Amino acid sequence: MKTPYYVVHAFTRRRFGGNPAGVCPLDRWLDEATMQALAHENDLAETAFFVPRDGAFDLRWFTPENEMDLCGHATLASAWVLFERRGYVGHEITFHTKSGPLLVRRDGDRLAMDFPARPPEPIETPAALIAALGARPVETLRSRDLLCLFEREADVRALEPDMAALLALGVHAVIVSAPGNDSDFVSRFFAPSVGVPEDPVTGSAHCTLVPWWSKRLGKKKLFARQVSARGGELWCEDRGDRVEIAGHATLYLEGSIES
């Protein structure tokens, strides 16, 4: 059986930037072990699988190691495939996921996603976290992930964390963030616990970043950069218990998988 397969670079206008996501449109679900094996073989941060349901779509995301409860860039990539390659004619797509219904709409030349907010709460900075990052954040907070705040964009860019030490913390992921030089804020995202040492651009992290920076900066609409080696741009809005996260996407690969 041939499974359609796309690789889309999300949160960027340029090929070889942003975050590559694998996308597999399906008529019916493959068994979970097969989807996990395909994601492992694809060896991207996330591979998305979706099937149609009553005018909407069920959507699941897999890293090379685990199924995830929420993923931004692979949702953006899945919507791009539906709009641009699979003949979807509506203005808005509904995805049914482990995090509830997620809507993606056309927003000019960008796609805008409606996601749940995950505001963080302050915690005391663990000594093991300082050692793993090789630097002391000015503040640490937690939602699903740890959020470590630094004073300057240069501080975030300079980090070279010890991935084994981050893994030993026993947390899902660590977000690091600071005010941006030409953006409202910048971030990086480290998730060795799910087989992704550094994710190039992370939509789900902005479910935590946007509520915090919106409150800190006193503004609802924010422009963010993720300053990984590939880099990405995100246009965000704080909507209380939801956040909007928008970005561009570009196709890298189109083909099929023998499965």
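Yes/no matrix, rows are residues, columns are (1) free of Cβ contacts under 8 Å to residues at least 24 places away in the same chain; (2) not hydrophobic (A, V, I, L, M, F, W, C):
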position	(1), (2)
His91	yes, yes
Arg105	yes, yes
Glu151	no, yes
Val156	no, no
### Query
Taking the range 120-139 on its own, how many of its residues are over 22 Å from Ala154 (Cα atoms) and surrounded by 17 or more Cβ atoms within 10 Å (Cβ to Cβ)?
1
### The listed residue being over 20 Å from the mean Cα position of the chain (by Cα) and not acidic (Asp, Glu), out of Ala165, Ala173
Ala165
## Note on the structure
Note on the range 112-140: residues of a type outside the set (Phe, Trp, Tyr), within 14 Å of the chain's Cα centre (by Cα) and in a strand (DSSP E or B) are Ala112, Met113, Asp114, Pro116
### Message
So Val196 ticks every box in (1) over 18 Å from Pro116 (Cα atoms); (2) surrounded by fewer than 21 Cβ atoms within 10 Å (Cβ to Cβ) but one. Which box is left unticked?
### Response
(2)
#### Entry: Options Ala74, Ala48; residue that is at pLDDT 95 or above, out of contact with any Asp or Glu (no Cβ under 6 Å at 6 or more places or on another chain) and not polar (S, T, N, Q)
Ala48
### Task
Report, ordered by the first and then the second residue, all pairs with beta carbons closer than 7 Å, sequence separation of six or more or different chains, a first member in the range 203-218 that is buried (at least 24 other Cβ atoms within 10 Å of the Cβ), and a second member that is polar (S, T, N, Q).
Gly203/Thr75; Ala205/Ser187; Thr208/Ser143; Leu209/Ser177; Leu209/Ser187
### Task
Go through the range 223-255 and count every residue that is of a type in the set (Phe, Trp, Tyr) and under 14 Å from Phe16 (Cα atoms).
1
## Note on the structure
In the range 53-99, residues that are assigned to a strand (DSSP E or B), aliphatic (A, V, I, L, M) and over 25 Å from Arg118 (Cα atoms) total 0
### Summary
Checked the range 1-27 for anything surrounded by 23 or more Cβ atoms within 10 Å (Cβ to Cβ) and either modelled with pLDDT under 95 or touching a Pro at 6+ places or on another chain (Cβ under 6 Å) (or both); matches are His9, Asn19
### Hey, Leu103 of a type in the set (A, V, I, L, M, F, W, C) and either out of contact with any helix residue (DSSP H, G or I) (no Cβ under 9 Å at 6 or more places or on another chain) or part of a loop (DSSP other than H, G, I, E, B) (or both) or not
yes
#### Entry: Qualifying residues in the range 24-39 (those that are touching a residue at least 60 places away in the same chain (Cβ under 8 Å) and within 21 Å of Ala56 (Cα to Cα)) - the one nearest to the chain's Cα centre (by Cα)
Cys24
### Query
Taking only pairs six or more apart or across chains, which ones have beta-carbon atoms under 6 Å, a first residue in the range 229-243 that is under 17 Å from Gly180 (Cβ atoms), and a second residue that is of a type in the set (S, T, N, Q) and in a loop (DSSP other than H, G, I, E, B)?
Gly232/Thr12
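The values are calculated or read from the model by the stated rules, or taken from the named source; none is laboratory data. Bear in mind the structure is a predicted one, so any value in this text is a computation, not a measurement. Counting neighbours? That spans all protein chains shown, and the Cβs are built from the backbone with ideal geometry, glycine included.
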